Amino acid sequence: MRPPSPVASALDAIGNTPVVQLQRLAPPDSAAVFVKIEGFNPTGSYKDRMALSMIEEAEKRGSLTHDLTVIEYTGGSTGSSLAFVCATKGYRFHAVSSDAYASAKLNTMRAFGAELTIVHSPNGKISGELIQEMISVSATIAAQGGYYQTDQFNNRDMLVGYSGIGHELLSQFPEGIDAFCGAVGTGGMLMGVAGVLKEHAQDTRIVALEPASAPVLTEGRSGQHHVEGIGVGFVPPLLDSDLYDEARAIDEALARTTCRQLAEREGLLVGTSSGLNVAAALKLARELGPGKVVVTVACDTGLKYVDEDLFAAPAGA
Ligand SMILES: Cc1ncc(COP(=O)(O)O)c(C=O)c1O
């Protein structure tokens with residue numbers, strides 16, 4: 001394989017991520033399971049795709065100019081990606097985040113020169129209340145003037161970036177995809193990919209995922225959990241029920257065990273939401289059986305979580 005050609009800036013290194021087939025976790029009597037490894041993006045997360053499109057679509061409309069500071073409420077992944085894109089393009093960036101999220105993400109935003117406002121989580125957990133507080137702190141700061149709010153829960157510009165995953169999957173799977181699953185935070189990734197896959201083949205099964213301890217989509221009730229980036233405590237405005245076939249709740253402990261198994265048995269170091277995606281993909285693959293193709297994404301690299309407790313217990317635990 002030829003190495004990629006030189007590029008003009010780090011922004012050109014976003015996307016074109018590899019897909020890896022699970023060799024040991026998917027049993028032979030199940031469908032084949034493939035994982036698109038989004039940790040290969042510059043900040044180690046698929047959020048680079050949406051950060052770039054949120055900034056560039058706003059630039060095209062003329063609503064973002066260099067006299068404005070970009071501001072976002074963020075668990076740290078979107079913030080790291082926005083901080084990276086803003087640093088590359090010369091914008092100031094202000095993140096409103098929380099100490100409930102991995103310190104690696106908070107420090108990554110700082111490394112890219114972002115200003116941070118931290119909302120304290122009393123028990124270190126993620127809940128709908130915490131996210132609402134981050135949203136309200138961000139809106140209060142923005143009201144002072146001089147800010148461009150990317151407002152990720154309501155920003156359809158991100159679908160442009162995420163549709164890239166869908167188009168790449170179409171060329172990586174010319175024979176088609178039987179099922180695609182992904183966890184929902186803003187719902188942007190799932191909607192961006194589902195839009196492309198459904199337009200190409202209406203019968204591709206799209207499955208939306210959430211943590212079982214915060215079953216908003218499956219049972220209509222919220223709850224606390226510690227799967228960063230998903231299970232936000234309400235149905236996100238971007239999530240269109242016409243674009244997915246089914247919602248499933250996945251146990252957080254299973255997601256974490258799957259992360260450790262992916263590292264130890266497949267050599268894939270991925271984050272907690274990615275473990276949740278793969279746990280669901282393996283279940284779908286058992287249901288669909290041999291000859292079928294199930295695809296999911298590893299949202300981000302596990303390097304963001306090695307200082308947390310994610311990889312602390314052995315895979316068998
Ligand atoms: C680590 C991680 N996984 C999954 C998601 C969910 O992605 P989306 O917001 O596109 O639904 C996010 C979003 O913040 C995230 O940070």
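Since every read-out is calculated from the coordinates, none of them should be taken as a lab result. Note that this is a predicted model, so its numbers are computed, not measured. Neighbour counts run over all protein chains shown; Cβ positions are idealised from the backbone, glycine included.
Legend: ranking of residues SER81, SER213, SER30, SER273 from fewest to most surrounding C-beta atoms inside 10 Å; resulting order SER213, SER30, SER273, SER81. Each helix, a run of at least 4 DSSP H residues, gives -39500 (n - 2.57); summed and divided by the residues of the chain, these come to -11500 deg cm²/dmol at 222 nm.
Put the Cα centre of the range 51-106 next to the Cα centre of the range 119-188 and the gap is 12 Å.
Across the range 17-27, computed HN-Hα scalar couplings (Karplus, 6.51 cos²θ - 1.76 cosθ + 1.60, θ = phi - 60°) run 7, x, 10, 10, 7, 6, 8, 10, 7, 8, x Hz from first to last residue, x flagging Gly and Pro. Against the main long axis of the alpha-carbon atoms of the chain, helix 47-61 sits at an angle near 50°. With bins 5 Å wide beginning at 0, the percent of Cα pairs of the range 74-221 falling in each bin runs 2, 9, 15, 17, 18, 15, 12, 8, 4, 1, 0. Students often get this wrong: which residues of the range 249-270 have the backbone nitrogen under 15 Å from the point 7 angstrom along Cα-to-C-beta of ASP309? Of the residues in the range 249-270, 252-257 have backbone N under 15 Å from the label point off ASP309. Against the chain, whose longest principal axis is taken from its Cα atoms, helix 272-288 shows a tilt of about 30°.
Helix 252-266 and the long axis of the chain differ in direction by around 70°, with both axes built from C-alpha atoms.
If you bin all the Cα-Cα distances of the range 1-44 at 10 Å, starting from zero, the percentages per bin are 23, 37, 25, 13, 2.
With all pairs of different C-alpha atoms in the average, the Kirkwood value for the hydrodynamic radius of the range 56-131 is 12.8 Å. Does the range 88-166 classify as rounded, prolate or oblate by the C-alpha gyration tensor (a ≥ b ≥ c root eigenvalues; a/c under 1.5 gives rounded; else a/b over b/c gives prolate, otherwise oblate)? Cα axes put the range 88-166 in the rounded bin. Computed from the Kirkwood radius of its Cα pairs, the Stokes-Einstein diffusion coefficient for the range 3-150 at 20 °C and 1.002 mPa s stands at 127 µm²/s. Using only the C-alpha atoms, the convex hull of the chain corresponds to 133 Å³ per residue.
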